[in-house]
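Input: a single structure, listed below in structure tokens.
The values are calculated or read from the model by the stated rules, or taken from the named source; none is laboratory data. Worth saying up front: this structure is predicted, and the values here are computed from it rather than measured. Cβ sites come from the backbone with ideal geometry, for glycine too, and all protein chains shown count toward neighbours.
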Amino acid sequence: MNIGQYNKLYNESVQEKSKEQFWQKAAENLHWFKKPSKILDKSQPPFYRWYSDGEINICYNAIDRHQAQHGNKTALIWESPSLKSSVQSETYTYKQLYENVAKLAWVLKQFGVKKGDRVIIYLPNVPEAVFSMLACSRIGAIHVVVYGGYPAKELAGRIIECQPKLIITASAGIERGDKIIYYKGIVDAALEMSGQHNLISLIVQRDIHMTSNFVLKRDYDYYTALKIAQLETECEHMNSNDPLYILFSSGENHPKGIVHDHAGTAVYCDWQMKHILDIGSNDTLFSATDVGWIVGHIFMIYGAFIKGATTILYEGRSTGTPDNIQFWRIIDKYNVKCLFTNPTSIREIRKEDPNGMNTKKFKLTSLQSVHTTGEHTDQETSEYLKKHINKNLFINNIYIQQEIGGAISANYPQSFQSFQDKPGSVTMPCPSFEVHILDNQNKKIEEANKLGKVCLKTPLPPPFMLSLFNNDEIFMKKYLGDSPGYYTTGDAGFFDEDSYLWVVGRIDDIIKTGGKKLSMSSVEQVLQSAPEIVNAAVVSKYDETLGEVPVGFVVIEKGKLIKNKQQFLSQLVDLVDVEIGSYANFKQVIIVPRLPQTRNGEILRSLLKKIINEENYKIPPSIEDESVVEEIKNAIQESEKKIQKVLSPINTKIKNFTQDIDQIESPSYKRRYSKKDSDNSFKGLTLKLMK
């Protein structure tokens, strides 16, 4: 395979002599108050620092530098189709964006917020969330965006951890099914739990629910404050490595604050918007993600604004807010070039509209690419998009980690090399990311298609996290201690014969069943290939004999009639046997109405695993809908009943068979059952019992 320009560019980016030149050139696209003379500081490993003597502000690069030529250009579009009010969308030019941000920055200063202070942003996907992030970066404060709707206990934990100077929240938000989340009440409870009773709160009042429960000298109305605000015209001059934001890791018992800086974030946002998303100043990006997710930070907000593009902020889901056409309606209405979402969202659309009838209601010719992350983009999802939108649609499954602050591996639509699409693969590593597959002894695996730990050679490129907030020790132990000289991603994967990178899941998702390694994602992909299946998740279940065995959870496509469920489930088991092999020991499939997932579409496999193994579990705060847990438990219970019904006669036969074996020692049995007969008949009898 001729990988042409990519190969040349990648080699330049990883070689010791040219790596710094590569990132020095990338930094030239930005405005610097003081250009860096030192590109990579290696004086205190493993705390490598990029552009360490430079001065920059990401807010200036996102807003201020566009004012002269693009002030009247549309910067931000907000859509909230579920709102039962006259205002379901708003549009802001770059000039209006600047005014909102500069006024809020002034307000924050009046409340005593200064450089280095933390500000928690606990808001739905509303324009004020964008203004708040940019206002913080403008004055040098560190924004801490917490997923809107997180329960009070989780919010309290983040308040205790980062000790904010101020919190910005809303009276309420809206979820799927017109469910109203009362943000102000959650914040009040979190302040009580954390002991921060007097933490200043700026509250965005919303029509869906106006709160009157204001605490004097603590709670302030957001827009009343902005009415008296002046413009904070100056951006704070920030050292390149000054913290820009903290994002708390999800899915852990004790989440830690991941810290990213101004310069590394700005440089890499600019690079990946051009080379991975192919977004420029004349383009519109629709990133159907939460502002509290890493994608919301680096693509939807900072990335889009740095390029002077138009970005769409969407308060809703792919289905049920209020219907299943919103993605296509928005793409058509605003001539969207690029959609960024997660595969689960597309699968949900496919479940509700398997024949793609809704796509025919809209003109989708502007859409050139769909980028996904968080889950594997399977063959069926990819084919669905190409069939119903555009057969030449560019589909890009990107490997992103919150700790990295950007893409690790991806495909590249227009910039220098587009590779043939392989659904499920994350294609090729991004520049300067030296991705190695290591075995348990930390030796590099050179063999194609051999599974191992996905590790990144240090020093990593500019977007990499500075550390964990106030916890360098855990940072080094968690990420850098397992494989010396490498950052451990915690993921398992391999390179195939064409050098494509495949990330098959977390390392702890690789199980040993009957002494052999098995990837859960490989079984998922086989299940998803069945035409009746729209989504699938596979987790491990404890087994006395084999140690662990895989169990599948599947969602049936809407409109597909399964006449004989037991026969269908048996066919799925057979399919896995054929595609992977009987060593997978795959015997149980459970049909569920839906899978538990986060608001960003990531399937909560760890929760499924605990439920199927009857372990104690805590419902993750990031779950989209808690009621799915009871649905899963009921489906498991029904499945177990059917298994017992099937196994009962088999167990009786096995018991009788065991008694027959015991009789072999008796003289009478030996006379009528010879050794030769035993050898010839044992296999046949076993097969008969298994039928």
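Is one or more of the residues making up region 76-91 farther than 24 Å from G148 by Cβ and surrounded by fewer than 21 Cβ atoms within 10 Å (Cβ to Cβ)? No, region 76-91 contains no residue that is farther than 24 Å from G148 by Cβ and surrounded by fewer than 21 Cβ atoms within 10 Å (Cβ to Cβ). When the criteria are applied in full, K38 meets the requirement of being under 22 Å from T458 (Cβ atoms) and either touching a Pro at 6+ places or on another chain (Cβ under 6 Å) or at pLDDT 95 or above (or both). Of the residues E497, E473, the single one that is more than 27 Å from Y245 (Cβ to Cβ) and among the charged types (D, E, K, R) is E497. Do we find that T289 is assigned to a loop (DSSP other than H, G, I, E, B), under 27 Å from E403 (Cβ atoms) and touching a strand residue (DSSP E or B) at 6+ places or on another chain (Cβ under 8 Å) in this structure? Taking the combined requirement at face value, the residue satisfies it. Kindly evaluate S522 against the criterion of being over 20 Å from Q597 (Cβ atoms) and surrounded by 15 or more Cβ atoms within 10 Å (Cβ to Cβ). So S522 fits the description; yes.
If I filter region 387-394 for residues that are closer than 24 Å to V523 by Cβ, in contact with a Gly (Cβ under 8 Å, 6 or more places away or on another chain) and buried (at least 19 other Cβ atoms within 10 Å of the Cβ), do I get at least one hit?
No, region 387-394 contains no residue that is closer than 24 Å to V523 by Cβ, in contact with a Gly (Cβ under 8 Å, 6 or more places away or on another chain) and buried (at least 19 other Cβ atoms within 10 Å of the Cβ).
Here region 512-570 is the region considered, the condition is being charged (D, E, K, R) and at pLDDT below 85, and the residue that is farthest from the chain's Cα centre (by Cα) is K516. Put simply, of Y412, Y399 the only residue that is under 26 Å from F22 (Cα atoms), modelled with pLDDT under 95, out of contact with any Asp or Glu (no Cβ under 7 Å at 6 or more places or on another chain) and buried (at least 23 other Cβ atoms within 10 Å of the Cβ) is Y412.
Looking only at region 607-630, residues that are among the polar types (S, T, N, Q) and modelled with pLDDT under 90 come to 1 in all. Comparison of S570, S519 shows that the only residue that is under 26 Å from T341 (Cβ atoms) and among the polar types (S, T, N, Q) is S519.
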